[in-house]
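Visitor: I have a structure here, written as structure tokens, and I will follow up with some questions on it.
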Amino acid sequence: MKILTNRKVAVAAIALAISGCGSDTLPDEEGNSFGRLALSGTPLVGETLTATVTDANGVDGAISYTWMADDVTIAGATSSTYTLTDAEVGANISVSVAYTDNDDYQERIKSSETSAVVGVDVPATFSGLTSNVANNVTEALTGTIVVSDDDPGESLAEAQTDVATTFGVFSIDETGAWTYVLDTNNSTVSSLVDENDTVTDTISIASIDGTPAELVITIFGAPNSVGGEPTQAAKITDSMTDDAGELRLKLDSAIGQGKLTVSFLKEDKAETADGVAKDAYIGLFGESTSTSNAIVDLRIQADKFVIRDQDDIAVSVPFVPGVWTDVEMTWDASAATDSVAPLVTISINGTSVTTDAFTSASSSLSDVMTGVRHVIFKLGDNSSTIPDAAYYVDDIKLYSDIAGTTIAFEDDFEGYSAGDSLDTDNDASPYNSSTAEAVVELVGSGGDGDAANPDNQVAQITDNMTDDAGELRYKTDAAVAQGKLSVWFFKEDLAETAEGVAKDAYIGLYGESTSTSNAIVDLRIQANQFVIRGRDDIDVAIPFVPDTWTEVVMTWDATAASASVAPLVTIEINGTSVTTEAFSSASASLSDVMTGVRYAIFKLGDNSSTIPNAAYFVDDVKLYSDMAGTAVVFEDDFEGYAVGDSLDTDNGASPYNSSTAEAVVAVKGK
């Protein structure tokens, strides 16, 4: 039986010296003093045992040593010392000696045995201990942790099933294959606003021998994380000179203490025809809706937040126009009177505006002492119009307790039809008669308020040529041996020819040749699925959803590639790996790809037909010279051009290759 323990434990538990004597030390009747054999050391793999011979008659000649494990001779062990190996684990070690002493007496002595040899457990090592996922991904994230251990049979992980983590549920099997399901409803997760806003879920794992490790999953805010899929929201505009645009909820009775949560997006150019910037508002009111009488009124200005009539409170959280933002307000009027104000808190994107609750600045405490009766979302004012922008509100939740456990009212606007009025001309609207210019709109699908950034600039690729495809092509100065590409794309639904034949879009990495069969990797975006060209054995389980922004990350490693060895590739789609391990390039010409990536190509359609009714949009292209994505080779977010600029060679400022065709800069919300 193999005995394993930690080295420090073994040294503490096992005697430091073992000795044995082959005969009595007194001289025999002929005058011979029998020799004595001492065996010292620790019976632990890697430690050295030492045999020491003493003899009153003296020993100047050679001594023959024979080391044994369970009385079986250890081949080649013939010196006075022996260093224990894994082969002796569990065995009892002894040594015998033979020699002729200085008085010509022949001696043969065998030591007593040690206790069983203990093996040192070699700790396992791990790879694949990091991953990442966008905060709107509901599909299971998968990956594989590779466990390496020199001890036989120990390159395995300790299995776990459906373990609750900080932000999700985790499982792993003995092979290291794991799944992680993110809790997208967790308030910390859902409040992440963009890819620079992150939290980590650190998950404890272990190898089968108990070596600990941690898998760290980084969760980031998707650029369109509020309603990453197309969603419906209330759109508020202001086209009236005698009133503001407004969505107003009136409760049947006041709520003494409670909480409001809401997501909003205010477009960048919320200004009048004369260029005067106008505010949007989130307000809690009591019995009066006069602005000065609000329990609290959060003003969303051009570049900051302000709390009306609370000039002593500086809101350090910046306002970013065109980005979905989460606001949480609580109020407590349980101790309020006509001379004691209710208490209020405000958090923006999870950050509290003040460290403690602050008192309401209402000028009429008698109107607010019973709590909240009206909730108002407003854009603009009564004296001007705002022709160029809107204010979007979504996921309203009103609770009758500060902890947020009892819902008093909620609306995610999914129960209406897009275009429905929320004013009193719609009998199904639950909103107050003072609501004005509020309609339900589908956002995240190409209209106003398309998502976090409605004025976002992108590359638009079309295909109106019968002898070529639409294409955006970038060529590096020299091949990049290993690296990463990240890109966002949006492929419109009806990408088909005049005859109704659906056409593909592509994201491809190439070496020295741009022939399609020679690609390092070519991801085909079809009508309803992804396919990897030349890798029919790889089934991409992640579905393709047209008319939504999708993120793709590819890595490649050609450092070990040659004319007969293919580069290795990985692909992630919306944070989910297509395969558990890197796969080999299917290039038909390995000599063209063995030095790495020379071209990144984004293409729509083919050379034989046109696609008159749809486009393929590409944004946030980043090419790195390392797989970790720390060294940027090239990047383009298309914001440095004018809308309508060509990206073909007719634009001297375009960084793209001469094979680029039908690619222009356009606006596409993202």
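The values are calculated or read from the model by the stated rules, or taken from the named source; none is laboratory data. Predicted model, so just to flag it, every value in this text is computed and none were measured. Glycine gets a Cβ as well: all are built from the backbone with ideal geometry, and neighbour counts include every protein chain shown. These accessible areas exclude ligands, DNA and RNA; they are computed on the full protein's heavy atoms, side chains included. Shrake-Rupley method; radii C 1.70, N 1.55, O 1.52, S 1.80 Å.
Visitor: Mind grabbing the accessible area of L343 for me, 1.4 Å probe, Å², rounded to tens?
Guide: Surface accessible to solvent at L343 totals approximately 70 Å².
Visitor: I've got another one for you. 5 Å is the cut-off here: which amide hydrogens, built 1.01 Å from N in the peptide plane, fall below it relative to G168, excluding neighbours closer than 5 in sequence?
Guide: Amide H to amide H, under 5 Å and 5 or more residues apart or across chains, G168 pairs with D183.
Visitor: Taking only the alpha carbons of the stretch 99-146, what extent do you get along each of the three principal axes, in Å, biggest first?
Guide: Projected onto its principal axes, the Cα set of the stretch 99-146 covers 90, 18, 11 Å.
Visitor: On a 24 Å Cα-Cα criterion, which of the cross-link pairs K304/K491; K235/K304; K250/K378; K266/K603; K397/K668; K250/K397 come out too long? Before the final figure, lay out each step's value.
Guide: Working: K304/K491 35 Å; K235/K304 21 Å; K250/K378 14 Å; K266/K603 34 Å; K397/K668 30 Å; K250/K397 14 Å.
The pairs that break the limit, which is 24 Å between Cα atoms, are K304/K491; K266/K603; K397/K668.
Visitor: Right, something else. Compute the distance in nm between two label points, each set 7 Å from the Cα along the Cα-to-Cβ direction, one at T175 and one at E287.
Guide: 7.0 nm
Visitor: On to the next question. May I have the extent of the alpha carbons of the stretch 535-657 along their three principal axes, as whole Å values ordered from largest to smallest?
Guide: 44, 34, 32
Visitor: What number results when the radius of gyration of the stretch 551-614, computed over Cα atoms, is divided by 2.2 N^0.38 Å?
Guide: Values: Rg = 14.8 Å, N = 64, 2.2 N^0.38 = 10.7 Å.
Rounded to two decimals, the normalised Rg is 1.39.
Visitor: Can you work out D for the stretch 382-443 in µm² s⁻¹ from Stokes-Einstein, where Rh is the Kirkwood radius over C-alpha pairs, the temperature is 25 °C and the viscosity is 0.890 mPa s?
Guide: The estimated diffusion coefficient comes to 181 µm²/s.
Visitor: How much of the accessible area of the chain, probe 1.4 Å, is carbon plus sulfur, in whole percent?
Guide: Ligands and nucleic acids excluded, carbon and sulfur give 46 percent.
Visitor: Follow-up. How large is ³J(HN,Hα), in whole Hz, for each residue of the stretch 236-251 in order, when computed from phi with the Karplus curve 6.51 cos²θ - 1.76 cosθ + 1.60 and θ = phi - 60°, using x for Gly and Pro?
Guide: With coefficients 6.51, -1.76 and 1.60, one gets 10, 10, 9, 10, 10, 8, 10, 7, 8, x, 7, 10, 10, 10, 10, 7 Hz.
Visitor: What is the calculated FRET efficiency for S589 to A87, with r their C-beta to C-beta distance and R₀ = 56 Å, to the nearest 0.05?
Guide: Once rounded, the FRET efficiency stands at 0.65.
Visitor: Quick check: with the 1.4 Å probe, what order do M627, M68 take by accessible area, largest first?
Guide: M627, M68
Visitor: List the residues, sorted by chain then number, that are 5 or more residues from I205 or on another chain and whose placed amide H is less than 5 Å from its amide H.
Guide: Amide H to amide H, under 5 Å and 5 or more residues apart or across chains, I205 pairs with A213, E214, L215.
Visitor: Normalise the Cα radius of gyration of the chain by 2.2 N^0.38 Å (N = residues in it) and let me know the number.
Guide: Ratio of Rg to 2.2 N^0.38 Å for the chain: 1.42.
Visitor: What length, rounded to one decimal in nm, is gained on full extension from D252 through to D650, with 0.36 nm per residue of separation minus their alpha-carbon distance?
Guide: 136.8 nm
Visitor: To the nearest 10 Å², what's K304's accessible area with a 1.4 Å probe?
Guide: It works out to around 100 Å².
Visitor: Mind ordering 136-146, 307-317 by average Cβ neighbours within 10 Å, highest first?
Guide: Numbers: 136-146: 17.8, 307-317: 14.7.
The packing order, highest mean first, is 136-146, 307-317.
Visitor: How much FRET efficiency would the formula 1/(1 + (r/R0)^6) give for T188 and V545, where r is the Cβ-Cβ distance and R0 is 30 Å, rounded to 0.05?
Guide: Efficiency, from the Cβ-Cβ distance: 0.70.
Visitor: Using only the alpha-carbon atoms, what does the stretch 251-387 span along each of its principal axes? Please give whole angstrom values in decreasing order.
Guide: Principal-axis extents of the stretch 251-387 (Cα, largest first): 44, 32, 28 Å.
Visitor: For the stretch 332-424, what does the alpha-carbon gyration tensor say about shape, rounded, prolate or oblate, given a ≥ b ≥ c as the root eigenvalues, a/c under 1.5 as rounded, and a/b over b/c as prolate?
Guide: Prolate, because a/c is 1.5 or more and a/b exceeds b/c.
Visitor: For the stretch 621-627, what does the Karplus curve 6.51 cos²θ - 1.76 cosθ + 1.60, with θ = phi - 60°, yield as ³J(HN,Hα) per residue in whole Hz, taken in order and with x for Gly and Pro?
Guide: With coefficients 6.51, -1.76 and 1.60, one gets 6, 9, 10, 10, 9, 9, 6 Hz.
Visitor: A further question follows. Determine ³J(HN,Hα), in whole Hz, for all residues of the stretch 293-308 in sequence, where each value follows from phi through the Karplus function 6.51 cos²θ - 1.76 cosθ + 1.60 and θ = phi - 60°; x replaces Gly and Pro.
Guide: 9, 4, 4, 7, 9, 8, 9, 9, 8, 5, 9, 7, 9, 9, 9, 4
Visitor: Oh, and also: Could you work out the percent of alpha carbon pairs in the stretch 333-381 separated by over 16 Å, rounded to a whole number?
Guide: Tail of the P(r) past 16 Å holds 51 percent of the pairs.
Visitor: Leaving out ligands and nucleic acids, and using a 1.4 Å probe, what accessible area per residue does the stretch 65-134 come to in Å²?
Guide: 47 Å²
Visitor: Further question: If you wrap a convex hull around the C-alpha atoms of the stretch 38-172 and split its volume per residue, what is the figure in Å³?
Guide: About 140 Å³ per residue, rounded to a whole number.
Visitor: Can you pull the accessible area of L379 for me, 1.4 Å probe, Å² to the nearest 10?
Guide: Its heavy atoms expose roughly 0 Å² to the probe.
Visitor: To the nearest 500 deg cm²/dmol, what mean residue ellipticity at 222 nm is calculated for the chain from DSSP H runs of n ≥ 4 alone, each contributing -39,500 (n - 2.57), summed and divided by the residues?
Guide: So the helix-based figure for the chain works out to -500 deg cm²/dmol.
Visitor: If you don't mind, there's one more thing I want to ask. Once amide H atoms are placed 1.01 Å from N in the peptide plane, what residues at a sequence separation of 5 or more from L44, or on another chain, have their amide H within under 5 Å of its amide H?
Guide: V118
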